[in-house]
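Below is one structure; the comments refer to it alone.
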Amino acid sequence: ASLDPSLEPALRAGAELHPSTRADLADLLVTTGRIEEGRLVLLRGMELGETDSMVALGNLYGDVLGGDAAAEAAYRAGAELGDTHAHHNLANLLQSHGDLAGAERHFRQAAEGGDTLAAAALRDLLED
């Protein structure tokens, strides 16, 4: 995503047409200090079933807003739709909270979807 604020009008126009553009718009809003507006943009994407928004919303909750339960809910929504990034991020969150069985399950699903980082994380988890 670009952090160029001059792209905001184009990102707003494209957000309703392309799910990844909505996530880029939210990223721009968050990085320019408009965190709540970015969160609302991502919530709209989540309501529309856009996995890009679900993963980005989970990241926003987990990394910026400190809401692990909300992050988990967003990642689970994306994982239920088969998004490998959502599975991977959910696995990391579960692992950090000691749910190793849940982490293994979601790392495995991400790896089976072609996520090579998840495959490596799964190997590391199983070696421990």
### Message
Angle check, please: helix 35-47 long axis (alpha carbons) against the longest principal axis of the chain (alpha carbons), in degrees 0 to 90, nearest 10.
### Response
70 degrees
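Taking all protein chains as present, what is the carbon and sulfur share of the accessible area of region 46-128, in % to the nearest whole number, probe 1.4 Å?
Ligands and nucleic acids excluded, carbon and sulfur give 49 percent.
Once the convex hull of the alpha carbons of region 17-128 is built, what does its volume come to per residue, in cubic angstrom?
Convex hull volume per residue, Cα atoms: 94 Å³.
Rounded to the nearest angstrom and ordered from largest down, what semi-axes does the equivalent ellipsoid of region 58-103 get from its C-alpha gyration tensor (root of 5λ)?
15, 14, 7
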### Task
Using a 10 Å cut-off on Cβ atoms, rank the peptides 51-57, 73-79, 29-35, 91-97 from the highest mean neighbour count down.
51-57, 73-79, 91-97, 29-35
## Note on the structure
The alpha-carbon center of region 84-117 and that of region 1-61 are separated, in whole Å, by 24 Å
### Query
Roughly what would the spin-label model give for residue 112 and residue 125, points 7 Å off Cα along C-beta, in nm?
1.3 nm
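The values are calculated or read from the model by the stated rules, or taken from the named source; none is laboratory data. What you see is a predicted model, and the numbers here were worked out from it, not measured in a lab. Glycine also receives a Cβ, built like all others from the backbone with ideal geometry; neighbour counts cover every protein chain displayed. Accessible surface is based on the protein model in full, side chains and every heavy atom, while ligands, DNA and RNA are left aside. Shrake-Rupley method; radii C 1.70, N 1.55, O 1.52, S 1.80 Å.
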